[in-house]
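Only one structure is covered here, and it is reproduced in the block below.
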Amino acid sequence: MSFFAAISGIFGGEKGLGGTILDAVKSYFPPDMPPEKKMEMEMAIKAAADQQQNMIMDKAMEADRAVTDRIAKLEGSASDLLRVPYLGAFIIFLRGCQRPLWGFATLYMDFLWFTAWKLTEKQETALCIINLLVLGFLFGERTIKNLEPLIMKIFGNPARGK
């Protein structure tokens, strides 16, 4: 999870920061305050909270960008590899091939698992873990999180039995 996503989680949610502040301040409104004045104050509080939220989100994006730039500066980039004749282009090619290579290799192992191989329980567990790692790498962590209930239903949760 990126820093930007963590910050947005604080301000997002059902109400966000403005709604939380508004709920806290509403209890201090005088009982005889006219509804128009209450609405005006609510709008002012929400506007101020939204402005603060936008400023913090901008700072979070700036910090996230700075971290990304620092990593690129320290580790280099693909364009740096092009300076190395032949070998640099070959490494870039291998980096590009990695994702499909792992995907097709796992697909082939799954095909053999279901058709030809007679695996032990440990080998099947290892193959399941490899599948989860490759699927997580290819389709992202969110996909695995969405499939978690199905995975738990199929494989069960051995920790619960203890």
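Numbers below:
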{"quantity": "Lysine pair count for region 25-162 [Cα-Cα under 30 Å; pairs on different chains or 8 or more apart]", "calculated": "18"}
{"quantity": "Global geometry of region 29-162, whether rounded, prolate or oblate, following the gyration tensor of its Cα atoms and the 1.5 cut on a/c", "calculated": "oblate"}
{"quantity": "1.4 Å probe accessible area per residue over region 36-162, in Å²", "calculated": "84"}
{"quantity": "Solvent exposure, largest accessible area first (probe 1.4 Å, DNA, RNA and ligands not counted), of ASP80, ASP58", "calculated": "ASP58, ASP80"}
{"quantity": "Extended-chain gain in nm, criterion 0.36 nm per residue less alpha-carbon gap, LEU147 and LYS122", "calculated": "6.8 nm"}
{"quantity": "Fraction of accessible area attributable to carbon and sulfur, region 52-118 (%, probe 1.4 Å)", "calculated": "66"}
{"quantity": "In nm, spacing of pseudo-spin labels at ALA47 and LEU132 (7 Å Cα→C-beta vector)", "calculated": "5.1"}
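The values are calculated or read from the model by the stated rules, or taken from the named source; none is laboratory data. Please read all numbers here as calculations on a predicted model, not as lab measurements. In this analysis, Cβ positions are derived from the backbone assuming ideal geometry, glycine residues included, and neighbour counts consider all displayed protein chains. These accessible areas exclude ligands, DNA and RNA; they are computed on the full protein's heavy atoms, side chains included. Shrake-Rupley method; radii C 1.70, N 1.55, O 1.52, S 1.80 Å.
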